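S.K.: So that we are looking at the same thing, I have put the structure below in structure tokens.
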Amino acid sequence: MPLPAFTVLDHVVVIKVYEVIDIASAAHVRADLHRALRGCRGPRNVVVDLRSRCATSACVGVLKDTQRLADRLRLRLLVTAPHPLTRRVLHITSADGHLEIHPDLPAALQAV
């Protein structure tokens, strides 16, 4: 099932990811995220809103791959991680050094 994406304001696409991104789901989540980024025709800012309570190494890999694609497409990628455990994993893996992480969607929207 494709990830839902919707436009917020005129310059931001928000993609909500409800499922845990693990080894079983990583390939299809990566494909859906990349398809959404390639489909950005106007907005130059994309927020990946992680809604699950945890993050895995597969999740970190998907996010880093998505950041590389965003860079090639000249898009700004922001990631929200409302759950403390998700933010902790992103910090422990140093993903927060490569990704623009925000604690919630309002903070990410305020940053654009």
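The values are calculated or read from the model by the stated rules, or taken from the named source; none is laboratory data. Everything numeric here is computed off the predicted structure, so don't read it as measured data. Every residue, glycine as well, gets a Cβ built from its backbone with ideal geometry; the counts of neighbours run over all protein chains shown. Heavy atoms of the whole protein, side chains included, go into the accessibility calculation; ligands, DNA and RNA do not. Shrake-Rupley method; radii C 1.70, N 1.55, O 1.52, S 1.80 Å.
S.K.: Can you spot a residue in segment 30-37 that is open to solvent by 40 Å² or more (accessible area, probe 1.4 Å), under 20 Å from Gln110 (Cα atoms) and of a type outside the set (A, V, I, L, M)? Spell out the reasoning first.
M.R.: As a first pass, look at segment 30-37 and keep what is open to solvent by 40 Å² or more (accessible area, probe 1.4 Å): 30-31, 35.
Remaining after also requiring under 20 Å from Gln110 (Cα atoms): none.
Checked against the condition, which is being open to solvent by 40 Å² or more (accessible area, probe 1.4 Å), under 20 Å from Gln110 (Cα atoms) and of a type outside the set (A, V, I, L, M), segment 30-37 yields no hits at all.
S.K.: Is it the case, given these coordinates, that Arg68 is free of Cβ contacts under 8 Å to residues at least 60 places away in the same chain and touching a Phe, Trp or Tyr at 6+ places or on another chain (Cβ under 8 Å)?
M.R.: Values: free of Cβ contacts under 8 Å to residues at least 60 places away in the same chain: yes; touching a Phe, Trp or Tyr at 6+ places or on another chain (Cβ under 8 Å): no.
Taking the combined requirement at face value, the residue does not satisfy it.
S.K.: Can Leu69 be described as under 10 Å from the mean Cα position of the chain (by Cα) and under 17 Å from Arg30 (Cβ atoms)?
M.R.: Details: under 10 Å from the mean Cα position of the chain (by Cα): no; under 17 Å from Arg30 (Cβ atoms): yes.
No: the conditions fail for Leu69.
S.K.: If you don't mind, another one. Go through segment 47-93 and count every residue that is open to solvent by 60 Å² or more (accessible area, probe 1.4 Å) and either among the small types (Gly, Ala, Ser) or part of a strand (DSSP E or B) (or both).
M.R.: Selection size over segment 47-93: 2.
S.K.: Ok, one more. Could you tell me whether any residue of segment 11-21 is farther than 21 Å from Pro106 by Cβ and buried (at least 16 other Cβ atoms within 10 Å of the Cβ)?
M.R.: Residues of segment 11-21 farther than 21 Å from Pro106 by Cβ: 19-21.
Adding the requirement that they be buried (at least 16 other Cβ atoms within 10 Å of the Cβ) leaves 20-21.
Yes, segment 11-21 contains a residue that is farther than 21 Å from Pro106 by Cβ and buried (at least 16 other Cβ atoms within 10 Å of the Cβ).
S.K.: Looking at segment 97-112 only, could you name the residues that are open to solvent by 40 Å² or more (accessible area, probe 1.4 Å), assigned to a strand (DSSP E or B) and not β-branched (Val, Ile, Thr)?
M.R.: Listed by number, the list holds a single entry, Glu100.
S.K.: Here's a follow-up. Against the definition (surrounded by 13 or more Cβ atoms within 10 Å (Cβ to Cβ) and in contact with an Asp or Glu (Cβ under 8 Å, 6 or more places away or on another chain)), how does Arg44 come out, yes or no? Explain how you work it out, then say what you get.
M.R.: On the way: surrounded by 13 or more Cβ atoms within 10 Å (Cβ to Cβ): yes; in contact with an Asp or Glu (Cβ under 8 Å, 6 or more places away or on another chain): no.
When the stated conditions are applied, Arg44 does not pass them.
S.K.: Still on this structure: Which pairs turn up if I take residues in segment 90-106 that are closer than 14 Å to Val62 by Cα and touching a residue at least 40 places away in the same chain (Cβ under 8 Å) and look for partners that are open to solvent by 50 Å² or more (accessible area, probe 1.4 Å) and part of a helix (DSSP H, G or I) with beta carbon separation below 6 Å, at least 6 apart in sequence or on another chain?
M.R.: Listed pairs, sorted by first residue: none to list.
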